[in-house]
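Please read the structure below before turning to the comments.
The values are calculated or read from the model by the stated rules, or taken from the named source; none is laboratory data. Note that the structure is a prediction, hence the values are computed from the model and not measured. Every residue, glycine as well, gets a Cβ built from its backbone with ideal geometry; the counts of neighbours run over all protein chains shown. SASA here: full protein model, heavy atoms, side chains in, ligands and nucleic acids out. Shrake-Rupley method; radii C 1.70, N 1.55, O 1.52, S 1.80 Å.
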Number of protein chains: 2
Amino acid sequence: MSLTFFTPGPAELYPTVANHIQSALAEQIGSISHRSAQFRRIYQHTDEQLRALLNVPSTHAILFTGSATEIWERMLQNCVEFESFHCVNGSFSRKFYDTAVDLKKFAHLVEKPLGQGFDYEEFSKVTEGSPKKAEETGDKIRIPEYAELVCLTANETSTGVQMRGVDINKLKRSHRSKLFCVDMVSSAPYHSLDFEEVDSAFFSVQKSFGLPAGLGVWIVNEKCLARAEQLKKQETVIGSYHSLPSLWKNYKNFETPETPNVWNIYLLGKVAEDMNRLGVDHIRKDTDAKARKIYDFLEKADGFEPFVKNTEHRSPTVAVANTKEPAKEIIERVKAQGMLIGSGYGKAKDNQLRIANFPAVSMEQVERLLDALK
Amino acid sequence: MSLTFFTPGPAELYPTVANHIQSALAEQIGSISHRSAQFRRIYQHTDEQLRALLNVPSTHAILFTGSATEIWERMLQNCVEFESFHCVNGSFSRKFYDTAVDLKKFAHLVEKPLGQGFDYEEFSKVTEGSPKKAEETGDKIRIPEYAELVCLTANETSTGVQMRGVDINKLKRSHRSKLFCVDMVSSAPYHSLDFEEVDSAFFSVQKSFGLPAGLGVWIVNEKCLARAEQLKKQETVIGSYHSLPSLWKNYKNFETPETPNVWNIYLLGKVAEDMNRLGVDHIRKDTDAKARKIYDFLEKADGFEPFVKNTEHRSPTVAVANTKEPAKEIIERVKAQGMLIGSGYGKAKDNQLRIANFPAVSMEQVERLLDALK
C-alpha cells in the first residue's frame, strides 16, 4: 500500500517529482558530465528558480553540498576564526552549536526550554562585553561582542518552534557588524528572509521541496566569502574542496568542485520552477491555511494539545502535538489508513507526534489525516 | 537521441538502474525515514553486497559520504596529525595531495610524468629518514619515516594509469606500520585489494557502478578509527558529523549521522547485488576482454596510439588514447553515431581521448564504438 508521508523529513515527494524523475531518465541526467554545458544550464536554471522563489539578490551565491548538516560545518569553518553565537531551543539548533564545539570554536549559546522560541524583542541592541548603555540592557539577551557569526534556526524541526522571518530580519538589522546564518532546513521557502541583510541561509531538499535526500543548498553572500578568504590568508584551515572560495570559484561558472548530485540539482530546479508557477505567496498562504486546520484540531480534539503554547512560535511547517495516548499507537492507527506521521523527537518519542505540513501535501490530504486522528 | 556513454564518469548507467529507479519510486524510497528499520535494512543490504563483491572483512566499516572527493578530506583529517605521503601521477592523485596541503598537513609526494605509473619493485622497504641498510637503498623510492598515511591511486582517471592490485598489496605488506589508503574511484570493483592489509579504500558510484552521482563509499578499518579517536583525544580537529568516530558510531546501527542519499544507497545495493549475481571474477574477466579489444584497436588503428606505454600500467577501466586528428572532431563524429567518449583531461583535451570501459557497457557496445572510431 502506498502511504502519504506527513513525516518531517524525508517526507512526501512533491507531486510532480515522479514525472521529473522519468524526464531525468529520458534525458540521461544520471550520465551527463558535470563539466558539460548541459550541466551548467541545469545549475543555472536551478539557481534562477531558487533566486526567484526566495528573493535572493546577486550578492549571494547558491551553492550545493551533500546535506544541510554539512553546511553547519562549512559555515563555521569558513566564517568563524574564534567565536560563534547560537540561539538554541531544540536538538537541531543544539547540533549547530555542537558542530562549532567539534571544530574547536569558542561557541556561545543562549538556550530556551523545549517548545519555546526567540523573538526580536528579547534581544538587546548592545552586545555583551561592550560598554553599557543603561537604556539598552535589563534582562535582555546580549550577543557577545566578539561573536563573529550569529546562528539562528528559523524552524526547529525537533520541537516545531519557529523564529519568525520578521524577527530574524530585525535582529540582523540591529547587529549589522555580525554575520548571520539561518538554518531554514524545514521551513524554506516558507520563511521570508531579507537577503539584503541576512548573510547566509541553508536548507536540504527532503523537507519542503519534497525530493529524495542527498543535497544541501547554501545561500551565502560576498561578505562571507571575503571572511573565508581572509581566514585562508591567515593560514586558518577552512576546508578543502568545499571551502567557500573553492565552491564560489566553481559557482561563477555554474560548476561544482566535485562531481555533485546532478540528479537532485536537476530535480530541485524543476520543483522550484513548479513552485514559482504557483507563486511563493500562494504556497505560504496555503501552508498557513493548512497549519490553522492542524493547530485548530490539536487545540480542540480530545487527547491532543499543541506542544508550543505561544502561537507566534508555532511552526507552520512542522506541528508538534502532545498526546494522551501513546504516540506509537496513534501512528499505527493512522498508518493503517495509509498515512504516516512522525513520532516526537528523541525523549519525546512516546508522547508527542510531529506532523509535517510541507507543500507536497494538500488541504484535502491534511483533512483526511485529521479525520483519521479523531 | 539516446546516447551510450563511454565517458569516465558520470558514465553510462548500469543496465538495471532504470528498473531499480522504478522500484524505488514504487517503494517510496525517497520518503522513508533514515531512522527507520526499513532504511537500516537497506544500508545493511548494501553493506553486505559490497562486502561480498570486494571481499571486505569485518575489521572494516563501509561508510557513506557525499562524494569520493569528500573522502580525500575525511581520510586526511581523521588519520593524519602531521605527515602524509602521496604517489602522484596525474590530476586526481595530485588533488589528494592538494587536499592534504589545504588541511595544513606536511604532505610528501613522489611524482611521475603523466602516463607513467608505480610498481612495487620501485619502492625501498626502508623508510626515508630511518638508519640506512646498504642492501635496501639505491635509487628506490623511500616512504618518509614519519609519514602516518600512504595515499595511493589505483586508477588515475586523468591519464588512464593503474597501479596494479598486487603491487598495492605488496607495498602495504612491506610497510605494515603505516596506514594505507587507496583511491579506487574509477576502478572498483575491478582492483582486487587485500583488505587484510589495506586499511582504507574508497570510490564513488558514478563510475564503475553506473549510478547517478552524489554518493561516496568509504571502506575503512578499525586501525583508522583508533587513530581518529587518538587524534580527537589530543584535541586535533577531525571534523564534526563526518568524523570517523561519528560515522562509525552510526554505522554500528546501520545509520548515518545526517540524512544521507538514501536513494543512491538503495540503488547501489541493488547494482552490487546484480554484480554479485554475475560474480566479480566474471566482471573482471569481461573488463579485461573489453580492455584488450580497446588497446588492441588503439595500437593498430591509424591515427591512434595508447597514451600509456607500459602495458602493466594501462588501466583496464579508463583507456587514454593519443589522437592525430583533433579529439573534438572524433568525439563529434562518434556522437553522431549515438556514442559519447571523453576528451583528454585538462591540457590533453585537444589531442587525447578517454574511453571508459565500465561494467555498464557490453563487448558488443565496445565493438560498435571501435567501428565508429575507425
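Does the stretch A:279-290 include one or more residues that are basic (K, R), in the same structural domain as A:V205 (by TED's automatic domain parsing) and either open to solvent by 40 Å² or more (accessible area, probe 1.4 Å) or within 21 Å of the chain's Cα centre (by Cα) (or both)? There is no residue in the stretch A:279-290 that is basic (K, R), in the same structural domain as A:V205 (by TED's automatic domain parsing) and either open to solvent by 40 Å² or more (accessible area, probe 1.4 Å) or within 21 Å of the chain's Cα centre (by Cα) (or both).
Against the test of being outside any loop (DSSP other than H, G, I, E, B), open to solvent by less than 20 Å² (accessible area, probe 1.4 Å), farther than 30 Å from A:A18 by Cβ and in the same structural domain as A:Y43 (by TED's automatic domain parsing), the options A:L231, A:L193, A:L225 yield a single qualifying residue, A:L231.
Looking at this structure, is A:V185 within 14 Å of chain B (Cβ to nearest Cβ), crowded, with 24+ Cβ neighbours inside 10 Å and closer than 22 Å to A:L109 by Cβ? Considered against the rule, which asks whether it is within 14 Å of chain B (Cβ to nearest Cβ), crowded, with 24+ Cβ neighbours inside 10 Å and closer than 22 Å to A:L109 by Cβ, A:V185 comes out as yes. Pairing each residue of the stretch B:195-217 that is on the phi > 0 side of the Ramachandran plot with any residue that is part of a loop (DSSP other than H, G, I, E, B) and aliphatic (A, V, I, L, M), provided the two are 6+ apart or on different chains, yields C-beta distances under 7 Å for B:G210/B:A11; B:G210/B:L13; B:G210/B:A360.
Among the residues making up the stretch A:258-268, those that are at the interface with chain B (Cβ under 9 Å from one of its Cβ atoms) and either in contact with a Pro (Cβ under 9 Å, 6 or more places away or on another chain) or more than 22 Å from B:P10 (Cβ to Cβ) (or both) are A:T259, A:N261, A:V262, A:W263, A:N264. In the stretch B:163-176 there is no residue that is within 14 Å of another protein chain (Cβ to nearest Cβ) and either under 27 Å from B:L114 (Cα atoms) or out of contact with any Lys or Arg (no Cβ under 6 Å at 6 or more places or on another chain) (or both).
Residues considered: B:G66, B:G117, B:G90. Of these, the only one that is outside the structural domain of B:G344 (by TED's automatic domain parsing) and on the phi > 0 side of the Ramachandran plot is B:G90. Within the stretch A:77-103, the only residue that satisfies the criterion of being away from chain B (no Cβ under 13 Å), in contact with a helix residue (DSSP H, G or I) (Cβ under 8 Å, 6 or more places away or on another chain) and open to solvent by 40 Å² or more (accessible area, probe 1.4 Å) is A:E81.
Among the residues of the stretch A:57-76, the one identified as out of contact with any Ser or Thr (no Cβ under 8 Å at 6 or more places or on another chain), β-branched (V, I, T) and open to solvent by 10 Å² or more (accessible area, probe 1.4 Å) is A:T59. The residue of the stretch A:327-336 that is least open to solvent (accessible area, probe 1.4 Å), among those that are over 20 Å from A:P10 (Cβ atoms) and touching a residue at least 24 places away in the same chain (Cβ under 8 Å), is A:I330. Might you let me know whether the stretch B:271-285 holds any residue that is within 14 Å of another protein chain (Cβ to nearest Cβ) and closer than 23 Å to B:L114 by Cβ? No, the stretch B:271-285 contains no residue that is within 14 Å of another protein chain (Cβ to nearest Cβ) and closer than 23 Å to B:L114 by Cβ. Of the residues making up the stretch B:304-345, those that are among the charged types (D, E, K, R), out of contact with any Phe, Trp or Tyr (no Cβ under 8 Å at 6 or more places or on another chain) and over 20 Å from B:K290 (Cβ atoms) number 7.
Residue by residue, here is whether (1) within 22 Å of A:R284 (Cβ to Cβ); (2) in a helix (DSSP H, G or I) holds:
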{"position": "A:P8", "(1), (2)": "yes, no"}
{"position": "A:S23", "(1), (2)": "no, yes"}
{"position": "A:H86", "(1), (2)": "no, no"}
{"position": "A:D98", "(1), (2)": "no, yes"}
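The set of residues from the stretch B:100-136 being assigned to a strand (DSSP E or B) and at pLDDT 95 or above comprises B:F106, B:A107, B:H108, B:L109, B:V110, B:E111, B:F123. Among residues of the stretch B:238-257 that are over 15 Å from B:G66 (Cα atoms) and within 12 Å of chain A (Cβ to nearest Cβ), those with a beta-carbon under 7 Å from a residue that is in a helix (DSSP H, G or I) and open to solvent by 30 Å² or more (accessible area, probe 1.4 Å) at least six positions away or on a different chain give the pairs B:I238/B:K232; B:P245/B:E229; B:P245/B:K232. Considering every residue within the stretch A:254-261, establish whether at least one is under 21 Å from the mean Cα position of the chain (by Cα), closer than 26 Å to B:W263 by Cβ and part of a loop (DSSP other than H, G, I, E, B). The answer is yes; a qualifying residue exists.
Every listed requirement among (1) among the charged types (D, E, K, R); (2) under 29 Å from B:L13 (Cβ atoms); (3) more than 14 Å from every other protein chain (Cβ to nearest Cβ) is met by B:K324 save one, (2).
Restricting attention to the stretch A:351-372, the residues that are more than 25 Å from A:L211 (Cβ to Cβ) and crowded, with 22+ Cβ neighbours inside 10 Å add up to 1. In the stretch B:196-216, of all residues being more than 14 Å from every other protein chain (Cβ to nearest Cβ) and in a loop (DSSP other than H, G, I, E, B), the one that is most open to solvent (accessible area, probe 1.4 Å) corresponds to B:E196. Restricting the first member to the stretch A:1-28 and to residues that are more than 9 Å from every other protein chain (Cβ to nearest Cβ), and the second to residues that are of a type in the set (F, W, Y), the beta-carbon pairs closer than 8 Å and six or more apart or on different chains are A:Y14/A:F209; A:H20/A:Y266. Does A:I42 satisfy the condition of being crowded, with 17+ Cβ neighbours inside 10 Å, out of contact with any strand residue (DSSP E or B) (no Cβ under 9 Å at 6 or more places or on another chain), within 12 Å of chain B (Cβ to nearest Cβ) and farther than 30 Å from A:D98 by Cα? Here the answer is no, as A:I42 does not meet what is asked.
Pairs linking a residue in the stretch B:293-313 that is within 22 Å of B:R164 (Cα to Cα) to a residue that is part of a strand (DSSP E or B) and of a type in the set (D, E, K, R), with Cβ atoms under 8 Å and 6 or more positions apart or on different chains, are B:Y295/B:R314; B:L298/B:E305; B:E299/B:E305; B:P306/B:R314; B:V308/B:R314.
Here is the figure for the stretch B:234-253: residues that are open to solvent by less than 20 Å² (accessible area, probe 1.4 Å) and over 24 Å from the mean Cα position of the chain (by Cα) total 1.
Please go through the stretch A:43-82 and give me each residue that is in a loop (DSSP other than H, G, I, E, B) and closer than 16 Å to A:N264 by Cβ, ordered by number. Residues satisfying the conditions are A:G66, A:S67.
Count of the stretch B:138-156 residues, restricted to those that are open to solvent by less than 10 Å² (accessible area, probe 1.4 Å) and either without any contact (Cβ under 8 Å) to a residue 60 or more places away in the chain or in a loop (DSSP other than H, G, I, E, B) (or both), is 3. Restricted to the stretch A:337-350, and to residues there that are open to solvent by 80 Å² or more (accessible area, probe 1.4 Å) and in a loop (DSSP other than H, G, I, E, B), the residue that is nearest to A:F5 (Cα to Cα) is A:Q337.
Considering only residues of the stretch B:303-353 that are touching a helix residue (DSSP H, G or I) at 6+ places or on another chain (Cβ under 9 Å) and of a type in the set (K, R), which is farthest from B:Q116 (Cα to Cα)? The residue in question is B:R333.
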